[in-house]
1. Please enumerate the residues belonging to the stretch A:11-23 that are surrounded by fewer than 21 Cβ atoms within 10 Å (Cβ to Cβ) and either modelled with pLDDT of 95 or more or not acidic (Asp, Glu) (or both).
2. Does any residue of the stretch A:102-115 turn out to be under 21 Å from A:Val11 (Cβ atoms), touching a helix residue (DSSP H, G or I) at 6+ places or on another chain (Cβ under 7 Å) and assigned by TED's automatic domain parsing to the domain that holds A:Thr49?
3. What's the total number of residues in the stretch B:1-46 that are facing chain A (nearest Cβ under 7 Å) and not in a loop (DSSP other than H, G, I, E, B)?
4. One residue is enough: does the stretch A:48-55 have a residue meeting the conditions within 14 Å of chain B (Cβ to nearest Cβ) and touching a residue at least 40 places away in the same chain (Cβ under 8 Å)?
5. Let me confirm something: among A:Ala170, A:Ala151, which residue is within 12 Å of chain B (Cβ to nearest Cβ), small (Gly, Ala, Ser) and buried (at least 21 other Cβ atoms within 10 Å of the Cβ)?
6. Can you name the residue in the stretch A:172-182 that is part of a helix (DSSP H, G or I) and within 13 Å of A:Phe138 (Cβ to Cβ) and, of all such residues, is farthest from the chain's Cα centre (by Cα)?
7. Is it the case that some residue within the stretch A:64-74 is more than 14 Å from chain B (Cβ to nearest Cβ) and at pLDDT below 95?
8. Could you please let me know if A:Gly134 is in contact with a Leu (Cβ under 8 Å, 6 or more places away or on another chain) and buried (at least 16 other Cβ atoms within 10 Å of the Cβ)?
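The values are calculated or read from the model by the stated rules, or taken from the named source; none is laboratory data. Owing to the predicted nature of the structure, the values given are computational and were not obtained by experimental measurement. Here the Cβ positions follow ideal geometry from the backbone for every residue, glycine too, while neighbour counts run over all protein chains shown.
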Amino acid sequence: MSPAPRSHSIVITSDYRVPEPERVWPLLQSRKRELAEIGAQSVLVYTSTHDYGRVMVTILVRSREPIRELLRSRVFFEWFDAVGVEDIPAVFAGEIVKRFEPSPRLDAEAPGVIVAAMASVHDIPMLLDEIGAGLGRFTAAGVRKTWVFRAFDDGHEVMILQELDDEDRARKWIEDPDVAAPWIAGAGVGAYPPVFIGKFFDMMRIEE
Amino acid sequence: MFVCLCNGITSQVVADAIAGGASTTKEISKACGAGAECGRCRRTLRKLLGTPSGERSG
């Protein structure tokens with residue numbers, strides 16, 4: 001008898017537009033049981049600050065299922081139906097590879113602005129080195145945190161989640177990104193959504 | 001990116017189908033299965049049809 005497959009942590013993120021963004025959170029809460037059934041441990045919702053109706057939803061799942069089987073789950077299709085999304089967006093599925101979180105500044109206690117991008121880069125280990133070497137510049141530009149996720153299906157694909165001090169600094173970061181932030185230029189290409197600028201809306205933890 | 005959730009097809013596989021000559025969403029479905037079931041990923045497939053393959057940043 002072969003051993004049961006080990007469970008693994010998967011970060012699933014999709015970015016899409018809904019007709020009524022205020023319905024997203026209550027609908028997610030009403031699906032807690034179904035989310036628990038697929039191994040979801042937490043769900044985070046971000047809403048765009050400048051693009052009404054655009055949301056980014058990240059689900060952390062712990063599952064023994066292969067990712068393809070997981071994504072075929074009726075939970076996702078029923079979810080898109082419920083929030084009124086007809087065209088299903090491309091979905092990022094991967095894992096966290098590095099968190100860059102310099103010590104928080106005393107003046108940075110207010111909630112920041114989230115900048116998220118998915119893109120293809122040449123070399124992920126090199127990118128991590130470049131971010132590490134450029135952290136001083138990142139901080140000077142108002143970047144508080146940088147989280148790097150690597151896709152399971154493509155060795156070049158990353159999702160980068162950053163928290164910046166405010167919307168002005170977020171816009172400057174996108175318009176004139178640091179040399180160690182090449183993913184900004186790669187967002188919006190092909191299946192990748194354009195750079196997301198938004199705020200953390202809420203987080204739901206799901207008991208096993 | 002997973003483009004077609006029904007069949008678990010990624011954007012890379014779709015890009016390969018396009019590089020292999022698929023020039024419509026129907027041809028992509030025939031080549032790799034993306035969009036062959038519910039068809040709700042066709043908008044993304046159309047976007048990929050307009051993208052030069054292999055674009056990377058950094």
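1. A:Tyr16, A:Arg17, A:Val18, A:Pro19, A:Pro21, A:Arg23 - these are the residues of the stretch A:11-23 that are surrounded by fewer than 21 Cβ atoms within 10 Å (Cβ to Cβ) and either modelled with pLDDT of 95 or more or not acidic (Asp, Glu) (or both).
2. no
3. Total satisfying the criteria: 7.
4. The answer is no, given that none of the residues of the stretch A:48-55 is within 14 Å of chain B (Cβ to nearest Cβ) and touching a residue at least 40 places away in the same chain (Cβ under 8 Å).
5. The conditions single out A:Ala151.
6. A:Lys172
7. Yes; the residues of the stretch A:64-74 include at least one that is more than 14 Å from chain B (Cβ to nearest Cβ) and at pLDDT below 95.
8. no
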